[in-house]
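J.: Let me give you the structure first, and then I'll get to my questions.
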Amino acid sequence: MEPQLRHAVADGVATVVIDHPAKRNAMTADMWRSLPPLLAALAADSAVRALVLTGAGDTFCAGADISSLRTEPARAQELAVRAEEALAAFPKPTLAAVRGYCVGGGCQLAAACDLRFADEGAVFAITPAKLGIVYPASTTRRLVALVGPSTAKYLLFSGESVDTGRALRSGLVDEVLPAGDLDARVKEFTRILASRSLLTQAAAKEFASVTAGSDGPDAGVAREAYWAGQMRGSGDTAEGVAAFLERRQPRFAWTPPPGPATPAAPAPRR
């Protein structure tokens, strides 16, 4: 079977599967290239309220297919960064479900997700120092924001792997599940995400991003005004309050406007 990104949508959750088992789900150039348009299509699908990224079989992703680095390392890195930034900018909650190896570009993708749940046997590593590659600035900043400067330097300087215990302590992972429990927990949690206000989630995602406020206080005020306008026009607040008082599940209706995920949001700096 050719290396590919498979996807399916069920119960409001899109699942994207990195499928290249012959090379531990390493990402080829074509796979990196295909991720942004796939994410754009899923973002535009009103049936999708959350997204799970995972790997086929017992491995999440062993990074970039090394054969692509031999001929055009800069181009391969550019494709990876574009895919990572498209994942980070996805306007709905994203969760990486990690088994086995989550290495190099695989860890880059996992870090670009909002949350990471891992099987207790998972292994994480970021390996550019083993290959003489300069890790991209935007990717490094995202890692630092996630795990802090010291752990980011440990991972980047050494290329050494860490287990789920250290990953959990550092913030690289949000939950660690016993063997066999990962799928059920991911399904349960994404069902919760899909039931919540997408308006709240999208605004919180933007405000919490590593680029939030990078263009100064005026940009921050403008973005808060934008989201306040979305809240006023959405009806989600009235629905949430009514559902609470009536002791029922809310039926939130807001979806992202057509076009960019968050119009006029600051562009990522590199």
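The values are calculated or read from the model by the stated rules, or taken from the named source; none is laboratory data. Just so it is clear, the structure is predicted and the values come from calculations on it, not from any experiment. Don't worry about glycine lacking a Cβ; one is built from the backbone with ideal geometry, like all the others, and counts go over all protein chains shown.
J.: Going by what's in this entry, would Thr59 be described as buried (at least 22 other Cβ atoms within 10 Å of the Cβ), of a type in the set (Ser, Thr, Tyr), under 24 Å from Lys205 (Cα atoms) and touching a residue at least 24 places away in the same chain (Cβ under 8 Å)?
T.: Here the answer is no, as Thr59 does not meet what is asked.
J.: Would you call Ala203 in the same structural domain as Leu87 (by TED's automatic domain parsing), surrounded by 14 or more Cβ atoms within 10 Å (Cβ to Cβ) and either of a type in the set (Gly, Ala, Ser) or assigned to a loop (DSSP other than H, G, I, E, B) (or both)?
T.: Criteria not met by Ala203.
J.: I need the full set of residues from region 48-61 which are under 19 Å from Leu182 (Cα atoms) and either at pLDDT below 95 or assigned to a loop (DSSP other than H, G, I, E, B) (or both), in order please.
T.: Ala56, Gly57, Asp58, Thr59, Phe60
J.: Right, here's the next one. Kindly indicate whether Gly121 is out of contact with any helix residue (DSSP H, G or I) (no Cβ under 9 Å at 6 or more places or on another chain) and either modelled with pLDDT under 95 or in a loop (DSSP other than H, G, I, E, B) (or both).
T.: no
J.: Can you work out which of the residues in region 125-137 that are surrounded by fewer than 17 Cβ atoms within 10 Å (Cβ to Cβ) and in contact (Cβ under 8 Å) with a residue 12 or more places away in the chain is nearest to the chain's Cα centre (by Cα)?
T.: Taking the candidates together, the pick is Ala137.
J.: Sticking with this structure for a sec: Residue by residue through region 89-118, note down the ones that are within 20 Å of Ala14 (Cβ to Cβ) and assigned to a loop (DSSP other than H, G, I, E, B).
T.: Across region 89-118, the qualifying residues are Ala89, Phe90, Pro91, Lys92, Pro93, Arg99, Cys113, Asp114.
J.: Next up: Just a yes or no: is a residue in region 175-190 modelled with pLDDT under 95 and over 24 Å from the mean Cα position of the chain (by Cα)?
T.: No, every residue in region 175-190 fails to be modelled with pLDDT under 95 and over 24 Å from the mean Cα position of the chain (by Cα).
J.: Tell me, yes or no, whether region 157-166 has at least one residue that is within 19 Å of Val210 (Cα to Cα), hydroxyl-bearing (Ser, Thr, Tyr) and free of Cβ contacts under 8 Å to residues at least 60 places away in the same chain.
T.: Among the residues of region 157-166, not one is within 19 Å of Val210 (Cα to Cα), hydroxyl-bearing (Ser, Thr, Tyr) and free of Cβ contacts under 8 Å to residues at least 60 places away in the same chain, which makes the answer no.
J.: Answer yes or no as to whether Ser161 is among the hydroxyl-bearing types (Ser, Thr, Tyr), surrounded by fewer than 21 Cβ atoms within 10 Å (Cβ to Cβ) and at pLDDT below 95.
T.: When the stated conditions are applied, Ser161 does not pass them.
J.: Mind telling me which of the residues Arg116, Arg99, Arg82, Arg141 ends up being surrounded by fewer than 17 Cβ atoms within 10 Å (Cβ to Cβ), assigned by TED's automatic domain parsing to the domain that holds Arg166 and either touching a Phe, Trp or Tyr at 6+ places or on another chain (Cβ under 9 Å) or not hydrophobic (A, V, I, L, M, F, W, C) (or both)?
T.: Step by step, each of Arg116, Arg99, Arg82, Arg141 is checked, and only Arg82 is surrounded by fewer than 17 Cβ atoms within 10 Å (Cβ to Cβ), assigned by TED's automatic domain parsing to the domain that holds Arg166 and either touching a Phe, Trp or Tyr at 6+ places or on another chain (Cβ under 9 Å) or not hydrophobic (A, V, I, L, M, F, W, C) (or both).
J.: Follow-up. Does region 23-40 contain any residue that is polar (S, T, N, Q), in contact with a strand residue (DSSP E or B) (Cβ under 8 Å, 6 or more places away or on another chain) and in a helix (DSSP H, G or I)?
T.: yes
J.: Report, ordered by the first and then the second residue, all pairs with beta carbons closer than 9 Å, sequence separation of six or more or different chains, a first member in region 177-191 that is assigned by TED's automatic domain parsing to the domain that holds Ala14, and a second member that is among the hydrophobic types (A, V, I, L, M, F, W, C) and in a helix (DSSP H, G or I).
T.: Sorted first by the residue in region 177-191, then by its partner, the pairs are Leu177/Ala184; Leu177/Val186.
J.: Something else about it: Do you know which of the residues in region 24-54 that are closer than 21 Å to Ala118 by Cβ and over 13 Å from the mean Cα position of the chain (by Cα) is surrounded by the most Cβ atoms within 10 Å (Cβ to Cβ)?
T.: Here the residue is Met27.
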